[in-house]
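Only one structure is covered here, and it is reproduced in the block below.
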Amino acid sequence: MCEKIKGYKVFNADWTCRGFQYEVGKIFEEDVIPSCCDRGFHFCLKASDCFNYYSFNSDNKVAEVIALGDVDYADDNTKCCTNKIHIVREIPWDEVLRIVNTGKDCTGICNTGDCNTGNRNTGNRNTGDWNTGDWNTGDWNTGNRNTGNRNTGDCNTGNRNTGDWNTGDWNRSSFNAGCFNTEEQKITMFNKPSDWTYKQWMNSDARYLLNQIPKNVVEWVYSSDMTDEEKAAYPTHETTGGYLKVLDESKCGQLWWDGLREQHREIILSLPNFDPDIFEQCTGIKVQKEGEAGA
């Protein structure tokens, strides 16, 4: 019995498929009884199923088709074939991406999340495959922001971790840089072993304070205090009387430190293994004034 069945078909860049030349807008017919994988014009009911048989390549042509003759269905219903097919229209690639995904702005296929560049993701902004979390660049992750594979935690760069923020593999705790750890490791601070875990550092008052160091602090420099290089770079100083100078990061940090309350300074100075020289190398902040004794 003849049916009118809408579907999708992928072609080579020259509109051929298995050596047969097709053309948009035309109807093609064969005097055969269609049989999937044997004879007839093959197509798929879902556009995403087409790419089980063709590479997901924007150089290929994709068309909306209608089967006008007898139709035979594959056992898994991923493809069909007919003895009479109408090549209705070419589908632009941006429309193809919308059709093959239920999420938005995806460049892969079979995604139910949004902004995925991989395939079969149910989360968002993944560049890997089969992720159910978000922002993964690996595969088979159920957590978020993983760059490794098969993680169920978050922010892992290794593989098969069930904790968070691991850079190794097979860890069952968090913040590990090794493999097969079930307990969080102690971290080094100021180049020496400490009794803190990374989670303790993440939750510390010292880290909270240091994250408040301002950036892009500016100060007004009068023309009389400007160097020749500054005057050449900012010629408008002649009418404005100076210019706003953006301080570098170390100067911003030093201004912040100099204005910090003593009790807040003590929180930072009390960090395990605190070393003023290393602190200055890392932050640009001198914690001691000229002539003060070392810690």
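The values are calculated or read from the model by the stated rules, or taken from the named source; none is laboratory data. Model, not experiment: these values are computed from the prediction. Backbone-built Cβ (ideal geometry, glycine too); neighbour counts: all protein chains shown.
Key figures
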quantity: Residue count for the range 110-122, restricted to those that are over 18 Å from residue 144 (Cβ atoms) and either surrounded by fewer than 22 Cβ atoms within 10 Å (Cβ to Cβ) or outside the structural domain of residue 140 (by TED's automatic domain parsing) (or both); calculated: 0
quantity: Residue match in the range 284-293 (condition: modelled with pLDDT under 90, in contact with a strand residue (DSSP E or B) (Cβ under 8 Å, 6 or more places away or on another chain) and basic (Lys, Arg)); calculated: no
quantity: Selection count where residues are outside any strand (DSSP E or B) and within 34 Å of the chain's Cα centre (by Cα), scope the range 39-54; calculated: 10
quantity: Checklist (1) out of contact with any strand residue (DSSP E or B) (no Cβ under 6 Å at 6 or more places or on another chain); (2) crowded, with 16+ Cβ neighbours inside 10 Å applied to residue 221, failing item; calculated: (1)
quantity: Test: residue 25 is surrounded by fewer than 16 Cβ atoms within 10 Å (Cβ to Cβ), at positive phi and in contact (Cβ under 8 Å) with a residue 24 or more places away in the chain; calculated: yes
quantity: Close pairs from the range 256-280: first surrounded by fewer than 15 Cβ atoms within 10 Å (Cβ to Cβ), partner part of a loop (DSSP other than H, G, I, E, B) and of a type outside the set (Ser, Thr, Tyr), Cβ under 7 Å, at least 6 apart; calculated: 269/287; 273/190; 278/190; 278/191
quantity: Of all residues making up the range 235-266, the number that are more than 15 Å from residue 209 (Cβ to Cβ) and of a type in the set (A, V, I, L, M, F, W, C); calculated: 3
